[in-house]
Amino acid sequence: MKKLENPIYVTQPSLPDLQEFIPYLEQIWENKVLTNNGPFHQQLEKELAEFLGIPYISLFANGTLALVTALQVLRITGEVITTPYSFVATTHSLWWNNIKPVFVDIEPQFGNLDPEKIEAAITPKTTAILPVHVYGNPCNVKRIQEIADIYGLKVIYDAAHAFGVKYKGQSIFNYGDLSVLSFHATKVFNTMEGGAIVCHDAATKKRIDYLKNFGFAGETTVMAPGINSKMNEMQAALGLVQLKHYHENIAKRKVIIQTYREQLADIKGISFLPEPENTDSNYAYFPIFVNEKNYGMSRDQLYEKLKQNNIYGRRYFYPLISEFPMYKGLDSANPHNLKTAQHIADKVICLPIYPVLEHFQIQGITKIITSNK
Ligand code: T4K
């Protein structure tokens, strides 16, 4: 087996051949439109809507600003029910809107918000639910919508991990009132930094576009204190090229995950998530869960051992967001309220996964995990 000489990180951004990107750059230099709904921006919105099978999409500079804006689009206030098992940006978007996060525990199968625990957390101040399709695995969208309908709540999905995912034959972004995407370097589809909001009607799309451009609704009309969160032309151009390679990249990811699943299948104390039903996955992440008693080594010991061998997995999502100082004081951050989330967060390591990860590298990673002494 070839030695793992170079560090292997949890991910490596996919980039097209530079030569493929140069003509786009030349065009930007030629026409001098760098941002503000330029031609590549318009083209990428059009191509993404077709590619994903969604009615309307609005591009953003990054996923966090898209989340912050999505809450403003629907005028969300008061309290929002959300998950502690996510990247911190999910809850920060509430903080930036002066909204109180109310953490609800996750379900043990996929680590998504547990719909059966939502109702108990609803108060007269609750206006919305902000679940996350963690690792790109669909939330229980049907049950969440039922609860939202009964209580008159909006649903905004943090779909940062879920680019390209289909559930029951259609884009996962077609569920809920809005879905928020991230095109960060570490995502399956990247524009270096980038993001988007998916919505279902033209009027909402218009409002989103105003809000991401300072609130301008015309040369001299400002309809709200919007922000500047526009995607620029370089990002949009990169997105157009990336899209051409999306399917081949996902196919490679699929093979890598199949290999991990096969090679780690019978390791006592190591488990992983099942394949979600009725879902076309994007194979974005490969989390494993370490049961210290059965495996004979703690999650952190394995994490360190991998690092000593030049393998840099990540503990997504540890610590829970509810453990960070700015949220820890909330009633809903009480660990007794979040037992499943804590349990999963204490066991998880996301293993490296990216299209050019080579077979010998996967074997090297799994060999370290299987020889746990
Ligand atoms: N909601 C959810 C559920 C999210 O997961 C995220 C972002 C957001 C919202 C917010 O979306 P954005 O505003 O980011 O669009 C990373 C990403 O920075 C973050 O985008 C992502 N989630 C999160 C899950 O992971 P870190 O702190 O782990 O990133 P970093 O820089 O340590 O990168 C991980 C590894 O990737 C590095 O060790 C090496 C490799 N890498 C990374 C970058 C940035 C590269 O090889 N090249 C690169 O350019 O947060």
Take the range 239-278 and flag every residue that is of a type in the set (V, I, T) and within 26 Å of K46 (Cβ to Cβ). V241, I250
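For the range 199-221, give me each residue that is in a helix (DSSP H, G or I) and small (G, A, S).
Across the range 199-221, the qualifying residues are A202, A203.
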I'm told A49 meets every condition in (1) open to solvent by less than 10 Å² (accessible area, probe 1.4 Å); (2) farther than 24 Å from Y316 by Cα except one. Can you identify the failing condition by its number? (1)
Among the residues of the range 222-240, which ones are open to solvent by less than 70 Å² (accessible area, probe 1.4 Å) and either of a type in the set (G, A, S) or not in a loop (DSSP other than H, G, I, E, B) (or both)? A224, G226, S229, E233, Q235, A236, A237, L238, G239, L240
Being assigned to a helix (DSSP H, G or I), open to solvent by less than 80 Å² (accessible area, probe 1.4 Å) and either more than 14 Å from the ligand (Cβ to nearest atom) or charged (D, E, K, R) (or both), is that true of even one residue in the range 62-70? no
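Just to confirm my filter: which helices (runs of 4 or more DSSP H) fall fully inside the range 265-330 and include at least 1 residues that are over 24 Å from the mean Cα position of the chain (by Cα) and assigned by TED's automatic domain parsing to the domain that holds Y354?
292-295, 299-308
Residue-by-condition table, conditions (1) farther than 27 Å from Y175 by Cβ; (2) in contact with a strand residue (DSSP E or B) (Cβ under 6 Å, 6 or more places away or on another chain); (3) open to solvent by 20 Å² or more (accessible area, probe 1.4 Å):
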| site | (1), (2), (3) |
| --- | --- |
| Y283 | no, no, yes |
| N310 | yes, no, yes |
| L320 | no, no, no |
| F324 | yes, no, yes |
| G329 | yes, no, yes |
| N337 | no, no, yes |
| V356 | yes, no, yes |
| I362 | yes, no, no |
| S371 | yes, no, yes |
When both residues are 6+ apart or on different chains and their Cβ atoms are under 7 Å apart, which pairs have a first residue that lies in the range 191-219 and is over 17 Å from L71 (Cβ atoms) and open to solvent by less than 30 Å² (accessible area, probe 1.4 Å), and a second that is more than 16 Å from the ligand (Cβ to nearest atom) and modelled with pLDDT of 95 or more? none
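Taking the range 22-39, which residues are under 17 Å from G194 (Cα atoms) and either open to solvent by less than 40 Å² (accessible area, probe 1.4 Å) or among the hydrophobic types (A, V, I, L, M, F, W, C) (or both)? Quick ask: steps written out before the conclusion?
Taking the range 22-39 as the starting set, the residues that turn out to be under 17 Å from G194 (Cα atoms) are 34-39.
Listed by number, the residues that qualify are L34, G38.
The values are calculated or read from the model by the stated rules, or taken from the named source; none is laboratory data. Every value quoted in this text rests on a predicted model; they were computed, and no experiment measured them. Glycine gets a Cβ as well: all are built from the backbone with ideal geometry, and neighbour counts include every protein chain shown. Note: accessible area is taken over every heavy atom of the protein model, side chains too, but ligands, DNA and RNA are not part of it. Shrake-Rupley method; radii C 1.70, N 1.55, O 1.52, S 1.80 Å.
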